[in-house]
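**Student:** Could you have a look at this structure, given as structure tokens, before my questions?
The values are calculated or read from the model by the stated rules, or taken from the named source; none is laboratory data. The shown structure was predicted, so the numbers you read here are calculated from the model rather than taken from an experiment. Every residue, glycine as well, gets a Cβ built from its backbone with ideal geometry; the counts of neighbours run over all protein chains shown. Heads up: the accessible areas ignore ligands, DNA and RNA and are worked out on the full protein's heavy atoms, side chains in. Shrake-Rupley method; radii C 1.70, N 1.55, O 1.52, S 1.80 Å.
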Amino acid sequence: MSGIFLGMPVHAPRGVGALRGAEPFPVAARTALANTQLRRNLGHATATIRAKRAAVVSELDDWEELRRAGEAIKTATMTRLDEHLEQLERAFTARGGTVHWARDANEANEVVTRLVQATGEREVVKVKSMATQEIGLNEALEAVGIAAYETDLAELIVQLGHDTPSHILVPAIHRNRSEIREIFLREMAGVDPMLTDEPRMLAMAARAHLRRKFLSAKVGISGANFAVAQTGTLVVLESEGNGRMCLTLPQTLITVMGIEKLVPTWTDLEVFLQLLPRSSTGERMNPYTSTWAGRHEGDGPRDVHLVLVDNGRTATLADEIGRQVLNCIKCSACMNVCPVYERTGGHAYGSVYPGPIGAVLSPQLTGIEDNASLPYASTLCGACFDACPVRIDIPSVLVHLRAKHVEQQREDHRLPSAEALSMAAASWVMSTSTRFSAAEKASRIGRLLGARRGRITMLPPPFSGWSASRDVPLPPRESFREWWAGRGGATS
Amino acid sequence: MTSAKEEILGRIRAALGESRSVPTVVPRDYRTHGSDEPGSPAVLDLLEDRLVDYKASVHRTASADLAGTVRQVLAALLPEGGRVLVPAGLPPDWVPDASTDEGFDAPTLDGFAAVVTGCAAAAAQTGTIALDGAPDQGRRAITLVPDIHVCVVRAGQVVQTVPELLARLDPTRALTFVSGPSATSDIELQRVEGVHGPRTLAVVLVTD
Ligand code: SF4
């Protein structure tokens, strides 16, 4: 191994992709909180999905066993990630596929752009993928005159509305039916002017709109929910059939995937195909799951590519506490239960990864200085951990990142960052302000209680119910409020 | 110059450091088998219940009456003049006047109203049918573009759980798992059946 690898972890580069917001969280959150329509849409949608999830999770009496297995499989995968990736490459290549590696968003965009240009096509159809949003692929393609059509209904709503996604599973969760109807009437060429706001009618309008695109598409671009290292099998879960269209009908298929999305064996998938649909859409199984292993003679695309993207993931892996965030299967259960997300919505987080997972993933991918306010965008209530199908201890990672940020500032003898300062200017409104500061004080008492062992087993209310079931890591000595107040911040 | 691959692998090794050698034991005490045998009446009932819950229709038949049942189901669903497509390996007596797939392009596939196929296996607990591209199922596109999919599932192909289903499938084939007709929950989280995939899924369940 060459010496260059032993240097500082390499984060996702600035100036490309969608991991950083234009405004820090508290500023963006304040704007969002002023929007009552948004709050109503979100409250309705998250309540609906919480109820559905609870119902299908309670059907399985081995749910906890599945969660523990899922956690362990992912953890085990990460400790041998290099071997699994090489195995995946060998298996996928042996079956006629081509594997490309990309250190960051820029390189991934270059690879995909080159592959599309080689086909001579000016249009691609896309199935919803977090990775391609993260790297800003659509913008990169557009810059060279290639049009990327989103085909997932929610992504279509976002794209036609000149909007950005606000939820990883239901990107248009912030829109209600009548807003969607208006967008369709305005932006969809040839749409029936009598279109009602009935969801079925809206879905049929999308079907008609995209049908011709699918039938003539020559290049498809997808992400992957899982990749099986041993067999070279890629897996996409979806609902509408737009995924199957993109994966099956074009001649060229390009799949962009983060390097953490592996599972070692086909058998491992039996755990995740149970955990993911129930946690995400609250269904026993999503309508369609497609798998492919390289190229399949006489069936589907002839030219099959896989682009493996780092973009800050190895930097995340380097943090022994933070790395568990890479176990995430992007189900979105944590945002659906999060009291902060329910009030602010996804846009406030700035990154394509909103909610609790975004608060711990985005700052690790970009380096904490670029998303410094996100680890504070939480009340540490613990609901995200309970909902997480792979048991990611998000509250612990949040606390860890806060401590890391404070530590970094101290080491650098730096003044508080722009993000941190702007938090002082914002009214902090995650819950009522008194409840919030009381909770933070309580968490500081926790530090005193646990000062010797580094872990605490009993917390005062409101955390006592939560800590009864698990150990809580030590919060940093200074709470956020006290921290900025000590730097001259005005209380709101 | 170092390749992207070498550099990423190097970064991973540097990031893992000592923790690389720490083994993790995966507990597998979740259910890997159902309480009922594959093909048993309880498993078939469960499959039917789950399929109907996801707005697929289920038509039971004995194998002696299979061809007749398939034709009946088609007759009830087909629009006037609607043409039927079948994969090359489907028994020819099921739908005698159907066209056999010859690798038609997508716009041609769009001219068919319905497709009839077999399946590789099914899981009752989730109402999932798996297709693996065998001769009685054909390539993936034929079960995608036509608006009606009539799928024949035999009792012996039905297991109770997801682990049993995966154990029956070959991960090196192109697989499609179908759980009800295409659907979306993207508008106010309300499930709407029928978007881009077949809007009608009819399952002919052969009970013997
Ligand atoms: S952190 Fe857990 S709950 Fe949140 S999206 Fe990832 S897997 Fe789902």
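For every residue, the table says whether it meets (1) modelled with pLDDT of 95 or more; (2) open to solvent by less than 10 Å² (accessible area, probe 1.4 Å); (3) within 17 Å of the chain's Cα centre (by Cα).
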position: A:Pro277; (1), (2), (3): yes, yes, yes
position: A:Trp292; (1), (2), (3): yes, yes, no
position: A:Arg295; (1), (2), (3): yes, no, no
position: A:Asp299; (1), (2), (3): yes, no, no
position: A:Arg302; (1), (2), (3): yes, no, no
position: A:Asp310; (1), (2), (3): yes, yes, yes
position: A:Ala318; (1), (2), (3): yes, no, no
position: A:Val325; (1), (2), (3): yes, yes, yes
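**Student:** Now, a different point. Among (1) more than 9 Å from the ligand (Cβ to nearest atom); (2) farther than 21 Å from A:His405 by Cβ, there is one condition A:Ala387 misses while meeting the rest; what is its number?
**Tutor:** The number of the failed condition is (1).
**Student:** Between A:Ala69, A:Ala55, A:Ala12, which is closer than 28 Å to A:Ala348 by Cβ and of a type in the set (Gly, Ala, Ser)? Write out each step before concluding.
**Tutor:** Values: A:Ala69 fails: closer than 28 Å to A:Ala348 by Cβ; A:Ala55 fails: closer than 28 Å to A:Ala348 by Cβ.
Just one listed residue meets the conditions, A:Ala12.
**Student:** Continuing with the same structure: Give the residue that is farthest from the other protein chains (Cβ to nearest Cβ), with candidates limited to residues of the stretch B:14-28 that are surrounded by fewer than 11 Cβ atoms within 10 Å (Cβ to Cβ) and not hydroxyl-bearing (Ser, Thr, Tyr). Spell out the reasoning first.
**Tutor:** Narrowing the stretch B:14-28 to residues surrounded by fewer than 11 Cβ atoms within 10 Å (Cβ to Cβ): B:18, B:21-23, B:25.
Next, from what is left, pick out any that are not hydroxyl-bearing (Ser, Thr, Tyr): B:18, B:22-23, B:25.
On the way: B:Glu18: 10, B:Val22: 6, B:Pro23: 8, B:Val25: 7 Å.
Selected residue: B:Glu18.
**Student:** Can you name the residue in the stretch A:36-63 that is without any contact (Cβ under 8 Å) to a residue 40 or more places away in the chain and outside any helix (DSSP H, G or I) and, of all such residues, is nearest to A:Ile168 (Cα to Cα)?
**Tutor:** A:Ser58
**Student:** Continuing with this model, one more query. Counting only residues that are of a type in the set (Gly, Ala, Ser) and more than 7 Å from chain A (Cβ to nearest Cβ), how many does the stretch B:138-179 have?
**Tutor:** Filtering the stretch B:138-179 down to residues of a type in the set (Gly, Ala, Ser) leaves B:138, B:141, B:155-156, B:167, B:174, B:179.
Checking which are more than 7 Å from chain A (Cβ to nearest Cβ) leaves us with B:138, B:155-156, B:167.
The total comes to 4.
**Student:** Name the pairs: first residue in the stretch A:246-270 and at the interface with another protein chain (Cβ under 9 Å from one of its Cβ atoms), second residue open to solvent by less than 10 Å² (accessible area, probe 1.4 Å) and of a type in the set (Asp, Glu), Cβ to Cβ under 6 Å, at least 6 apart or on different chains?
**Tutor:** Pairs found: A:Ile259/A:Asp310.
**Student:** Next question. Being open to solvent by 10 Å² or more (accessible area, probe 1.4 Å) and either at pLDDT 90 or above or within 16 Å of the ligand (Cβ to nearest atom) (or both) narrows it down to one residue among A:Val397, A:Val360, A:Val352, A:Val340; which is it?
**Tutor:** Details: A:Val397 fails: open to solvent by 10 Å² or more (accessible area, probe 1.4 Å); A:Val360 fails: open to solvent by 10 Å² or more (accessible area, probe 1.4 Å); A:Val340 fails: open to solvent by 10 Å² or more (accessible area, probe 1.4 Å).
A:Val352 is the lone residue from the list that is open to solvent by 10 Å² or more (accessible area, probe 1.4 Å) and either at pLDDT 90 or above or within 16 Å of the ligand (Cβ to nearest atom) (or both).
**Student:** Name every residue in the stretch A:202-234 that is more than 9 Å from chain B (Cβ to nearest Cβ) and of a type in the set (A, V, I, L, M), in order of residue number.
**Tutor:** Scanning the stretch A:202-234 gives A:Ala205, A:Ala208, A:Val219, A:Ile221, A:Ala224, A:Ala227, A:Ala229, A:Leu234.
**Student:** If you take the residues in the stretch A:129-185 that are in a loop (DSSP other than H, G, I, E, B) and away from chain B (no Cβ under 14 Å), which one is most open to solvent (accessible area, probe 1.4 Å)? Walk me through how you get there before you give the answer.
**Tutor:** Let us first name the residues in the stretch A:129-185 that are in a loop (DSSP other than H, G, I, E, B), namely A:129, A:136, A:144-146, A:151-152, A:161-176.
Restricting the remaining residues to those that are away from chain B (no Cβ under 14 Å) gives A:129, A:136, A:144-146, A:162, A:164.
Details: A:Ser129: 8, A:Gly136: 10, A:Val144: 58, A:Gly145: 41, A:Ile146: 3, A:His162: 145, A:Thr164: 77 Å².
Looking at the filtered set, the residue picked out is A:His162.
**Student:** Could you tell me which of the residues A:Val127, A:Val158 is touching a Cys at 6+ places or on another chain (Cβ under 7 Å) and at pLDDT below 95? Don't jump to the end; show me each part of the working.
**Tutor:** Details: A:Val158 fails: touching a Cys at 6+ places or on another chain (Cβ under 7 Å).
Going through A:Val127, A:Val158 in turn, just one is touching a Cys at 6+ places or on another chain (Cβ under 7 Å) and at pLDDT below 95: A:Val127.
**Student:** With (1) within 13 Å of the ligand (Cβ to nearest atom); (2) modelled with pLDDT under 95; (3) within 11 Å of another protein chain (Cβ to nearest Cβ) as the list, and A:Met335 as the residue in question, which single condition is left unmet?
**Tutor:** If we test A:Met335 against (1) within 13 Å of the ligand (Cβ to nearest atom); (2) modelled with pLDDT under 95; (3) within 11 Å of another protein chain (Cβ to nearest Cβ), just (3) comes out false.
**Student:** While we're looking at this one, here's another question. Quick check on this structure: which one of B:Thr128, B:Thr61 is of a type outside the set (D, E, K, R) and within 14 Å of chain A (Cβ to nearest Cβ)? Break it down stepwise before answering.
**Tutor:** Numbers: B:Thr61 fails: within 14 Å of chain A (Cβ to nearest Cβ).
None of the others qualify; the one that does is B:Thr128.
**Student:** Taking the stretch A:209-251 only, how many residues are within 18 Å of A:Gly97 (Cα to Cα) and hydrophobic (A, V, I, L, M, F, W, C)?
**Tutor:** 13
**Student:** A further question follows. Can you tell me which residue within the stretch A:272-297, out of those that are out of contact with any Phe, Trp or Tyr (no Cβ under 7 Å at 6 or more places or on another chain) and among the β-branched types (Val, Ile, Thr), is nearest to the ligand (Cβ to nearest atom)?
**Tutor:** The selected residue is A:Thr281.
**Student:** If you don't mind, there's one more thing I want to ask. Quick one: how many residues across the stretch B:83-103 are touching a Phe, Trp or Tyr at 6+ places or on another chain (Cβ under 8 Å) and open to solvent by less than 60 Å² (accessible area, probe 1.4 Å)?
**Tutor:** Applying the first criterion (touching a Phe, Trp or Tyr at 6+ places or on another chain (Cβ under 8 Å)) to the stretch B:83-103 yields B:83-86, B:99.
From what is left, the residues that are open to solvent by less than 60 Å² (accessible area, probe 1.4 Å) are B:84-86, B:99.
Final tally of qualifying residues: 4.
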